[in-house]
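A quick write-up on the structure given underneath.
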């Protein structure tokens, strides 16, 4: 069967039997095969895995913003152009051209929080990408430890991927979420590679050990080998960049049309396989009597009668994991209490010597100093301990995912037992959201009536006493603001856990609805289904 006929047969199956789970992926593959233009080289990875730094290094200039908190808020595509041009496209279809200086206003999380500006994508054309003409580099929002809308943006874009570079930092080298994401990527492209970033942080021997560890883990969990490309943006590690350009990117650009056709064919083949599985379920159901069809539905969708129990299970998991969050976060933050108090006390002792004025002025200077110092220190703690703080969320992620996969396993087993069909279940993953920065708050150091009388207090006599009072107030402020930070982390994590439970329920219901619809296929549809299956199976 030629590609044109395969496209036609798949389109008929999707439309006629409501295979909605395949619809958007089919359209992308069809468009790619019909109008090949550029090879999308998408860079995925967790927050701070080095995605934007990698692309900036390829370009040779800092085009994409880089920060200590999640930066990229929207899909950003970079390709060759004879002139520098940055087009910002919104969800309403409107597009505007902006300057490079204005770029961060649209793609950074700080200046476009939760994508309030409704930016769908940003397209950047640069003369400096001449050597990669034919390729389009795609910077995606981070996966995992990121804002929910960012993760959704990356995951929703997956069907478009041509070549996937999954950025993994040497520390830690690989997570369960990385493995799960790579497994999901296999549905969309045959070209998946690991970009091992920050290689300057380890020795050559350690780098070899990390590469071997990644290969073993991917083979063990996915059953496939993946190329690993070490990378560092430090000048003295340019050999990594040169190797990647010469052995991967330049050949991709030179064989652009062939690569696009191979990628499109792979996407279609995956869709074809999934369509055959779904149609096989419909055919088997259509060939039974009405009474037997009802029995089949009961046997296969026994879980449907227990849907309420499944909802209760997800809700119980959410409550259980939510209850663990604050005690864990607070315990971890309290480990910083003494050190933070010492840092701030030492800093205060130096700063206080330089402050002048009466009590009112000193109080305001102290409060301003507290606000700035706490924001700096708590932001650093929040960033540096992100991995630790996310433990309750990762535990919930694993627990809820296990529940979903147990449901899928039972459903697939029921289909196999009753219909003899091996149905590949859709991959399901969950996202994570973290608080951006701590919200700092302080009590007034003195009551207002003391402030009012401060002009009458002789500072020559009482300055030392006020300094001691300020100094003593540091510890309770540390305790209070660590508690506030724990509350913010708890709120962010627990909201994400709640969404995980809701997403899991929605996914389970959608899968049941799809199978229910297929199991209701009547005898009159058998010949149509069989004909489509024969056509799709004819390779």
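Every number in this text was worked out from the coordinates using simple rules, so none of it is lab data. Since the model is a prediction, treat every value here as computed from it, not as a measurement. Every residue, glycine among them, receives a Cβ derived from its backbone with ideal geometry; neighbour counts consider all protein chains shown.
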Neighbour-count order for 35, 469, fewest beta carbons within 10 angstrom listed first: 35, 469
Of all beta bridges DSSP finds with both residues in the chain, what is the antiparallel percent, to the nearest 5? 35 percent
Over all distinct alpha-carbon pairs, what is the Kirkwood Rh of the chain in angstrom? 26.8 Å
Taking Cα atoms only, helix 204-222 is inclined relative to the longest principal axis of the chain by an angle, in degrees rounded to 10, of 40 degrees
Given just the C-alpha atoms of the stretch 249-288, how large is their convex hull per residue in cubic angstrom? 41 Å³
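Highest first, please rank the peptides 132-140, 207-215 by the mean number of other Cβ atoms sitting within 10 Å of their residues.
132-140, 207-215
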Per residue, the convex hull volume that the Cα atoms of the stretch 340-404 enclose (Å³): 95 Å³
For the ranges 401-409, 217-225, what's the packing order if you count other beta-carbon atoms within 10 Å of each residue, average per peptide, and put the highest first? 401-409, 217-225
Ignoring everything except DSSP H segments at least 4 long, calculate the 222 nm mean residue ellipticity for the chain; use -39,500 (n - 2.57) per segment, divide by total residues, nearest 500. -20000 deg cm²/dmol
Relative contact order for the chain, counting Cα pairs under 8 Å that sit 6 or more residues apart, in percent: 18 percent
If we restrict to alpha carbons, what Rg and Dmax does the stretch 169-312 come to, in Å? 22.7, 73
Gyration tensor on Cα atoms of the stretch 497-537, a ≥ b ≥ c root eigenvalues, a/c under 1.5 rounded, else prolate if a/b beats b/c, else oblate, says oblate
What is the angle, in °, between the Cα long axis of helix 391-419 and the longest principal axis of the Cα atoms in the chain? Nearest 10 is fine, range 0 to 90. 10 degrees
Taking other Cβ within 10 Å of each residue's Cβ, how do 316, 330 sort, fewest first? 316, 330
Rel. contact order, % - alpha carbon contacts under 8 angstrom, at least six apart, the stretch 35-261: 25 percent
Rg/Rh for the stretch 264-405: what does it come to with C-alpha atoms and Rh from Kirkwood? 1.36
Would you kindly work out the equivalent ellipsoid of the stretch 35-261 from its C-alpha gyration tensor and give its semi-axes, the square roots of five times the eigenvalues, largest first in whole Å? 26, 20, 18
